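Heads up: the structure comes next, in structure tokens.
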Amino acid sequence: MDGLDIQIVALIVAAAAFLVVLELVRRRRLVERYALLLLLAGAGLLVLAVWRDLLEIIADGIGVEDPVNAIFILAFAVVAGLLLHFSVANSRLSDETKILAQEVARLDRELRTLRGGTADGNGAQPADEGAETLAELREGPAASAREAASERPPSSPEAPTE
Amino acid sequence: VLRHPFNLGIGGAVQSGYKYALAHDYDVAVQVDGDGQHKPEYLETMLDELHTRGVADMVTGSRFLEDPGYKVPLGRRLGNMIFGAVTSAIVRQRITDPTSGMRMTNRRGIELFARDYPHDYPEVEAILMLHAHRLRLHEVPVRMNARGFGRSSIDYPRSAFYMAKVLLAIFVGLFRRRPTPLDAPRSEAEESAVAPGAASAGAKGS
């Protein structure tokens with residue numbers, strides 16, 4: 001009955017993983033997008049735990065003699081795939097952060113110039129001036145580092161005035 | 001037009017509009033698609049419902065109360081029916097078009113959405129957020145155009161993700177006691193974080 005024990009353990013682990021992911025989403029620590037990815041991986045694990053013959057079929061299919069090795073190969077492939085995905089997401093994020101910081105720096109400089117100070121040494125405060133001043137600037141040279149290739153074209157039709 | 005330095009996704013872009021509206025003390029904010037799907041002539045009616053009659057905190061233009069005005073693709077119709085059934089059950093009010101992006105909110109709605117707005121496909125969750133904060137919803141029938149130009153962001157593989165994501169968000173949302181941390185201290189920084197960006201949310205005070 002060793003096999004059954006392992007099956008039960010696998011079930012419990014998968015269920016626990018599910019609950020942890022859902023709880024993280026509930027606490028808003030994890031965005032749904034990534035939660036779905038992890039839940040999908042968890043579901044795969046669950047299927048393999050319940051349907052043991054599937055593992056044998058897969059092992060046969062990829063020409064691995066021992067089903068245990070097959071599961072290691074599979075798990076490794078999935079983890080490697082996830083890692084790659086997160087690395088790509090991470091690269092995009094750091095790129096976006098850089099662009100943001102550059103935009104803030106530009107706005108800060110333009111703001112200080114507008115305020116009539118000499119652009120250098122006029123207080124080292126970063127732009128913490130609030131929306132009004134940013135709004136003054138938004139008509140200015142909008143030399144965005146990278147235009148958002150928005151699928152929804154920017155436009156702002158206005159409500160009728162009363 | 002608010003310009004973002006990179007694509008924030010629809011949720012982030014729309015929220016920029018609401019943050020801007022809040023920072024500039026707007027009484028009413030309108031959300032319309034930038035692709036010509038929504039006809040501006042309905043805005044007057046919506047404003048009427050919102051302000052003059054005061055029957056709701058958010059008025060949505062619904063395609064499915066009457067003739068939608070264009071041929072809604074079958075998949076779209078089906079997804080809408082599923083979300084409609086789920087949201088209607090949760091908010092205990094018939095919601096015919098939970099995915100409609102044509103919306104008008106008053107000050108309370110602006111305050112809520114400026115504080116918190118869902119990510120990827122926000123429309124359905126936004127309705128549930130309003131309900132959780134006891135804001136009232138109302139739908140008015142509108143006709144829409146088939147999209148004027150551009151392609152939908154929701155192609156076939158993404159529609160599966162769309163369904164899964166929104167259903168997951170709805171499900172998890174049911175277990176949140178307070179869906180939005182509204183009591184969090186209002187930080188000045190947060191409110192003035194109105195960055196330049198492109199929002200499909202046009203807003204106008206009245």
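The values are calculated or read from the model by the stated rules, or taken from the named source; none is laboratory data. What you see is a predicted model; the values in this text were computed from it and never measured. So basically every Cβ, Gly included, is an ideal-geometry build from the backbone, and we count neighbours across all protein chains shown. Remember, those area values only see protein heavy atoms, side chains included, never the ligands or the DNA or RNA. Shrake-Rupley method; radii C 1.70, N 1.55, O 1.52, S 1.80 Å.
Some observations on this one:
- Of residues in region B:75-95 being open to solvent by 20 Å² or more (accessible area, probe 1.4 Å) and in a loop (DSSP other than H, G, I, E, B), the one farthest from residue B:141 (Cα to Cα): B:92
- Scanning region A:15-30 for residues that are surrounded by 15 or more Cβ atoms within 10 Å (Cβ to Cβ) and assigned to a loop (DSSP other than H, G, I, E, B) yields a single hit, A:30.
- Residue check for residue A:11: in contact with a helix residue (DSSP H, G or I) (Cβ under 6 Å, 6 or more places away or on another chain), open to solvent by less than 40 Å² (accessible area, probe 1.4 Å) and not acidic (Asp, Glu): no
- The set of residues from region B:75-107 being among the small types (Gly, Ala, Ser) and either without any contact (Cβ under 8 Å) to a residue 40 or more places away in the chain or within 14 Å of chain A (Cβ to nearest Cβ) (or both) comprises B:84, B:85, B:88, B:89, B:101.
- Selection of region B:7-32 for residues being out of contact with any strand residue (DSSP E or B) (no Cβ under 9 Å at 6 or more places or on another chain), within 8 Å of chain A (Cβ to nearest Cβ) and surrounded by fewer than 20 Cβ atoms within 10 Å (Cβ to Cβ) yields B:7, B:23.
- Count of residues meeting criterion [assigned to a loop (DSSP other than H, G, I, E, B) and at the interface with chain A (Cβ under 8 Å from one of its Cβ atoms)] in region B:33-52: 3
- Restricting attention to region B:142-180, the residues that are modelled with pLDDT under 80, farther than 30 Å from residue B:39 by Cα and open to solvent by 70 Å² or more (accessible area, probe 1.4 Å) total 2.
Residues are listed down the side, and each one gets a yes or a no for (1) modelled with pLDDT under 90; (2) in a helix (DSSP H, G or I):
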residue: A:6; (1), (2): yes, yes
residue: A:13; (1), (2): yes, yes
residue: A:42; (1), (2): yes, yes
residue: A:73; (1), (2): yes, yes
residue: A:99; (1), (2): no, yes
residue: A:116; (1), (2): yes, no
